[in-house]
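Right, one structure below, let's go through it.
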Amino acid sequence: MTDRNWGALAVFATGALLGVAIVVNYAVNRPGTFGLNYRVYHVAAETALTGGDFYAVTPADSGYHYVYPPAAVLAFLPSALAESWIPGFLAITAVSASASALATRLLTGYVESLGYAVSRLERGLLFAFLLASASSAPSLGYGQVNHVLALALVAGFVWLARDRETRAGVALAVPAFVKVFPAVVGLWLLRRRAWRAIAAAVGTAVGLFGLGLAVFDVDTTRTYVTAALLPQRETADFVGGLAPGRSYVTLRRPLSVLFPTVDPIWYAVGAAAILAPVLAALYYRPRTVTDRHVAVHGTLVATVLAFPSLLLYYAYTAFSLVVLLYDLPAGRGRQLFVAGALLANVSLSYGNLRETVRALPLDPATRQAILDAALPVLRLGTPVLWGSLLTLAGCLVYRVESGALSVPAPLRAVLDSE
């Protein structure tokens, strides 16, 4: 087994084990977490069938509201036929498992098409990683749709790499339509001049919005924009510095902590300013297949870090993360990338840590000492954030090592030294 395989196995295994720990924690300490989001879908579907405002309703045991475009509620209408949300939750769990299985098949097939062998053990651990990694497990427990959206991103980029642009555009449009912020992947489509993919993506999005208008009405779409979409900017959460307990993976977190008195709009500007030169470097003259893979990874990571994304959205980087674990050549770039992928498996916020520490058999003084030591670090950024940035650093170093990017002589001497 090669170093590539061992690196991939380490990332898949640690991610899956940490994800299982999260599921066990939910089952023991937070059983009400199961189906948390699916209950929202169920109530919204029931309300849609009666012609009511499904953006205004919320489950009796939850303060959450439906926030997806009107057409998306149609996918949940079968759930409304059952009196309880539980059958629908079990169904979406099965759908999530099937989506992870399909993503595993697509990824392993693509990796093998690049000339790398993928063993049965790796396939099994990859499936476990996609289904229940530390970033995926919460979506599984909540009954979220993220496994399906992650599959759409994987399929879209696999098809794009195989020059099936129309299919790719349709697949990539689905996460952008549902969650909006994944529309940033369109930057790579523009860089590749994948015009058919762009046309297919735009056409799919327009068609789905049109479906929502046809089935419901203009007022419902207006409600979606004003009551669901715009409030998701979450700018108020960053005023005075993002609270350490909030489970966000975004560059806006450290910026808000370092500059707590500025208008939150500048955190968005700052995140874009940090990520733009990184993307520019990764987009610069991609000459090889690996160059294209690191550019896609930069796009997916930037998609997650530029917005106030939750920790669980790190799962959207699955395509490039998995492919580069095999495709990055040996060197410092690969070392940084694997280290970052391992660190990003620790999907932890200060709130998660506080809950975990309080459950440990420790005396109060020791618990408080642990929390006090971790607070400054986790307030500034989560392991997922730092791990994601490390993977970007690995991609940049790879491009320098491959000769695609030039660097000052002193830095080149450091990179070339043993």
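The values are calculated or read from the model by the stated rules, or taken from the named source; none is laboratory data. If you're wondering where the values come from, they're calculated on a predicted model, not measured in any experiment. Every residue, glycine among them, receives a Cβ derived from its backbone with ideal geometry; neighbour counts consider all protein chains shown. All accessible areas refer to the heavy atoms of the entire protein, side chains included, with ligands and DNA or RNA removed. Shrake-Rupley method; radii C 1.70, N 1.55, O 1.52, S 1.80 Å.
What net charge is computed for the residues neighbouring Ala10, neighbours being all others with C-beta under 12 Å from the C-beta of Ala10, Lys and Arg scored +1, Asp and Glu -1?
Charge balance in the 12 Å sphere: -1.
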How big is segment 122-233 in terms of Cα radius of gyration and Dmax, in angstroms?
15.9, 49
Measuring with a 1.4 Å probe in the full set of protein chains, what accessible area per residue, in whole Å², belongs to segment 234-403?
38 Å²
Using a 1.4 Å probe on the protein heavy atoms only, what accessible surface does Asp163 show? Give it in Å² to the nearest 10.
100 Å²
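State to the nearest 20 debye the size of the charge dipole of the chain about its Cα centre, where the only charges are +1 on K and R beta carbons and -1 on D and E beta carbons. Could you put the intermediate results ahead of the total?
Values: 30 positive and 22 negative charges, 181 e Å.
That gives a dipole near 860 debye.
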Sorted by accessible surface (1.4 Å probe, heavy atoms of the protein chains only), largest first, Thr104, Thr50 come out as Thr50, Thr104
Roughly how many percent of the accessible protein surface of the chain is carbon and sulfur, given a 1.4 Å probe and a whole-percent answer?
67 percent
Leaving out ligands, DNA and RNA but keeping every protein chain, what accessible area does Ser135 have, in Å² rounded to the nearest 10, with a 1.4 Å probe?
10 Å²
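List every DSSP H helix in the chain whose Cα atoms extend 27 Å or more along the helix's own long axis and whose mean Kyte-Doolittle hydropathy is at least 0.5. Don't skip to the end; give the middle numbers.
On the way: long enough: 3-29 (38 Å, 1.03); 86-113 (40 Å, 1.04); 195-215 (30 Å, 1.64).
Those that clear 27 Å and a mean of 0.5 are 3-29, 86-113, 195-215.
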Any idea what log10 I(q)/I(0) is at q = 0.12 Å⁻¹ for segment 1-233, Debye with uniform C-alpha scatterers and no solvent?
-0.76
Report the label-to-label distance for Arg285 and Trp195 in nanometres (one decimal), using points 7 Å from each Cα along the Cα→Cβ vector.
2.5 nm
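Say a site is exposed when it is one of the chymotrypsin sites (Phe, Trp or Tyr not before Pro), sits in a DSSP loop, and has at most 16 other Cβ atoms within 10 Å; what is then the longest site-free stretch of the chain? Please report the intermediate quantities before stating the final value.
Values: sites that count: Tyr64, Tyr284.
Segment 65-283 is the longest.
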Give, as a single signed number, the net charge of other residues whose beta carbon lies under 13 Å from the beta carbon of Gly241, with Lys and Arg counted +1 and Asp and Glu -1.
+3
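Tell me, what does the Kirkwood hydrodynamic radius of segment 234-403 come to in angstroms if you use every pair of distinct C-alpha atoms? Intermediate results must be reported in sequence, preceding the final value.
Values: mean 1/r = 0.0595 Å⁻¹.
For segment 234-403, the Kirkwood estimate is 16.8 Å.
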Regression test value, accessible area per residue of segment 110-226, probe 1.4 Å, units Å², expected 42 Å²
